[in-house]
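The structure appears below as structure tokens.
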Amino acid sequence: MRVFFAVLRRELADAVTSPFGQRLTIIHLAVSASAVFLGWPISYTLGRANAAPTLAWWVYAEIVVLSYLALAVPANIFPIEDKIRTGDWIVYGEAPIWAVYLGKTLASLLALAFWLLTVIPIFFTALAISPISIEQLQFLGLFVGLLLTTMVQLGTWIGVTVDSQTFRIVAVDVAFVAIMLGSILLQSLSGSFHIPIYAQPLEVAARIMNITVRDALVGSAAGTLVGLSVPLTTTPAASVSDSVPWGPLIVIYGSLLVFFLALSLLSLRQWRQNSGKEGAYFDPR
């Protein structure tokens, strides 16, 4: 347990309170606020804003930014001074692999939760303009939690497998693009088998909120800027369970989560076998 808390404390401090982590917090706040501004509806009347796209823009921005950070933070791609790579922990005092892995994973998830907490006022502003049901909010939270936890597993595997920081950056970028674009390919191929699979993160979020990406554009300030903005009409909200095939969604992301979790543990085990007795004892207090 001592190692677990040592890893958790150090990794969380590196991600959140380091100078680079503080810059990330400011950048995230700026992106979140910009999303609300760009998603502002062309005409807004309190109580008649069900079709307003503001919340959709905020959710899209958070999914894109936090998904990337969920890969980047555990992959150790940021220039943080005296950063300890995940695999290095197991040679300090013969630290248990599970303690190191769980500490790293929880620290990454807590860092993402912290960045979400910093934009709570912006979220409530978007929610006031674009009200949705409690059920939709709950399903959004469940899906985003599943997505980010899966991304953290993938990022952790990259961090303990790829030695060069440059190659880790490339691997994170490739993995991010593969998830975002590969899920679109999977979705398009699913039609050939007559099995609807909506795995693309932004598409899933749009279905939960019952607003298409096109509607989010044409009913927003961003749509006005490019000359596409038109008034939106409120449509009856579809059941989240009916609009999103949760079975295939859980199978896809759950399988990726378990797969990269296993690979990360195997990579950490390899670190231990390669390190032998060469690692000096490290007191993490």
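Read-outs: derived from the displayed coordinates by stated rules, not from any lab. Predicted model only: the values in this text are computed from it and were never measured. Cβ placement follows ideal geometry from the backbone for every residue including glycine, while neighbour counts extend to all protein chains displayed.
When a/c reaches 1.5 or more, the comparison of a/b and b/c decides; with that in mind, is segment 104-145 rounded, prolate or oblate per its Cα gyration tensor? Mind dumping the intermediate values first?
On the way: a/c = 4.98, a/b = 1.59, b/c = 3.14.
It is oblate, given that a/c is not under 1.5 and a/b is not larger than b/c.
May I ask for log10 I(q)/I(0) of segment 57-143 at q = 0.12, 0.17, 0.19, 0.26 Å⁻¹, from a Debye sum over the Cα atoms as equal point scatterers with solvent left out?
Per q value, in the given order, log10 I(q)/I(0) is -0.51, -0.83, -0.94, -1.39.
Taking 0.36 nm per residue of sequence separation and subtracting the Cα-Cα distance, how much length would be gained by fully extending the chain between Gln165 and Ala30, in nm to one decimal? Provide the component values of the computation, followed by the final result.
On the way: separation 135, 0.36 × 135 = 48.60 nm, distance 2.67 nm.
Length difference between fully extended and current span is 45.9 nm.
Ranked highest first by average number of other Cβ atoms within 10 Å, how do 19-28, 6-15 line up?
Numbers: 19-28: 14.4, 6-15: 20.5.
Output ranking for 19-28, 6-15: 6-15, 19-28.
Just subtract the alpha-carbon distance of Arg269 and Arg23 from 0.36 nm times their residue separation and send over the number in nm, one decimal. Write out the running numbers ahead of the final one.
On the way: separation 246, 0.36 × 246 = 88.56 nm, distance 3.37 nm.
Here the segment from Arg269 to Arg23 would lengthen by 85.2 nm.
With each pseudo-label sitting 7 Å past Cα toward Cβ, what's the Ala128-Leu185 distance in nm, one decimal?
A separation of 4.5 nm, rounded to one decimal place.
Say R0 is 25 Å: what FRET efficiency, to the nearest 0.05, do Phe5 and Thr118 get from their beta-carbon distance? Don't skip to the answer; put the middle values down first.
Numbers: r = 24 Å, r/R0 = 0.96.
E(calc), rounded to 0.05, equals 0.55.
Within segment 136-179, what residues put their amide N at less than 20 Å from the label point 7 Å along the Cα-to-Cβ vector of Arg85?
Only 152-176 pass the distance filter.
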